[in-house]
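We did not get these values from a lab; they are worked out from the coordinates using the rules stated. No experiment lies behind these values; they were computed from the predicted model shown. Backbone-built Cβ (ideal geometry, glycine too); neighbour counts: all protein chains shown.
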Amino acid sequence: MTGLGTVAWPPAPIRTERLVLRESEARDRAAFIEMFASTEVHTYLGGARPRDELEHAVPEVPGRRPGLFVVELGGAMIGMVALDRRDAERPGHVRPEAGEAELGYTFLPEAWGHGYAAEACRAALAWFADASPGEPVVLCTQEANERSMRLAVKLGFTEVERFEEYGAEQWFGVVLGHGGRPPSP
Ligand SMILES: CC(C)(COP(=O)(O)OP(=O)(O)OC[C@H]1O[C@@H](n2cnc3c(N)ncnc32)[C@H](O)[C@@H]1OP(=O)(O)O)[C@@H](O)C(=O)NCCC(=O)NCCS
């Protein structure tokens, strides 16, 4: 996937009830490494990477690209939400020219179960609805990833198709309506 590339970036930090969404900064590096090294986080994402490898490979400011928001709680990064362009060669599309905006989300395990991911994703989707009015957003997640499936449905995504990729059943959905805005909780 590639960054959005078509929107004004970065926006001013977005504040929600409990969170701040902002562009990545150097001080987020340790949290990025924590996420990339977590086996729990990567259960359905192709496996974690060794921490010593990450210490060398992760850039000074990780994840700095249009569409990627670091999610902060009380001044510390707890996860990230990203809108990227879906690769044309992958299965799962809703427009013939492909390159749809695709939502992804990854949070540190200690931040799960508090509704933070849903709160952050709603804010990112609302930002995108303003930045690119009327454009659909797609999402692909493993069917077996129950937390992710629950979140996708909560955000208003509806199923388009299911297919096998990376040796697993994938759920592919889209959010279209609400003037691009997802439903309230
Ligand atoms: C997918 C992922 C982001 C979901 O996180 P999550 O915390 O379960 O998602 P939500 O923000 O929707 O939180 C929902 C939970 O918070 C609970 N919650 C607690 N307080 C809440 C509040 N104030 N408001 C809303 N929900 C609240 C809900 O009851 C729900 O709990 P449940 O899971 O026991 O039913 C997280 O599991 C993750 O990072 N996974 C690894 C990465 C991954 O697989 N990403 C998918 C890529 S496609």
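For a Förster distance of 25 Å, can you work out the FRET efficiency between the beta-carbons of ARG162 and VAL61, rounded to the nearest 0.05? Walk me through the numbers before you get to the answer.
Working: r = 37 Å, r/R0 = 1.46.
Working from the Cβ atoms, E equals 0.10.
Loop-only GluC sites (Glu not before Pro) in region 39-102, please: DSSP not H, G, I, E or B, and at most 15 other Cβ atoms within 10 Å. Walk me through the intermediate numbers first.
Numbers: sites: GLU40, GLU53, GLU55, GLU60, GLU72, GLU89, GLU97, GLU100, GLU102; in loops: GLU40, GLU60, GLU89, GLU97, GLU100.
Sparse-neighbourhood loop GluC sites (Glu not before Pro): GLU40, GLU60, GLU89, GLU97.
If we count every other residue with Cβ under 13 angstrom of GLU159's Cβ, Lys/Arg +1 and Asp/Glu -1, where does the sum land? List each step's numbers first, then the result.
Details: positive: ARG162; negative: GLU143, GLU161, GLU169.
Summing Lys and Arg as +1 and Asp and Glu as -1 gives -2.
Where Lys and Arg each count +1 and Asp and Glu each count -1, what net charge lies around ARG51 among other residues with Cβ under 13 Å from its Cβ?
Numbers: positive: ARG29, ARG49; negative: GLU34, ASP52, GLU53, GLU55.
Charge balance in the 13 Å sphere: -2.
Over the Cα atoms of the chain, what Rg and Dmax result, in angstrom?
Computed over the Cα atoms of the chain, radius of gyration and Dmax are 15.6, 45 Å.
Please work out the FRET efficiency for the pair ARG18 and ARG150, using the Cβ-Cβ distance as r and a Förster radius of 22 Å; give the result to the nearest 0.05. Please list the in-between numbers first.
Numbers: r = 19 Å, r/R0 = 0.87.
That gives a FRET efficiency of 0.70.
Expressed as a whole number of Å, what is the distance separating the alpha-carbon centroids of region 1-58 and region 85-117?
Value for the Cα centre distance between the two parts: 13 Å.
Any chance you could run the full-extension gain for TRP112 through GLU143? It's 0.36 nm times the residue separation minus the Cα-Cα distance, nm to one decimal.
Numbers: separation 31, 0.36 × 31 = 11.16 nm, distance 1.84 nm.
Separation in residues times 0.36 nm, less the Cα-Cα distance, equals 9.3 nm.
Evaluate the Debye formula for region 90-185 with equal point scatterers sitting on the alpha carbons, no solvent, and hand back log10 of I(q)/I(0) at q = 0.10, 0.19, 0.23, 0.24 Å⁻¹, in q order, two decimals.
So the normalised log intensities are -0.26, -0.92, -1.28, -1.35.
Would you report the distance distribution of C-alpha pairs in region 30-73 as whole percents per 5 angstrom bin, up to the bin with the largest distance?
Percent of Cα pairs in each bin: 5, 21, 26, 24, 21, 3.
In debye, nearest 20: dipole of the chain around its Cα centre with unit charges on the Cβ of K, R (+) and D, E (-)?
Working: 19 positive and 28 negative charges, 109 e Å.
Computed charge dipole of the chain: roughly 520 debye.
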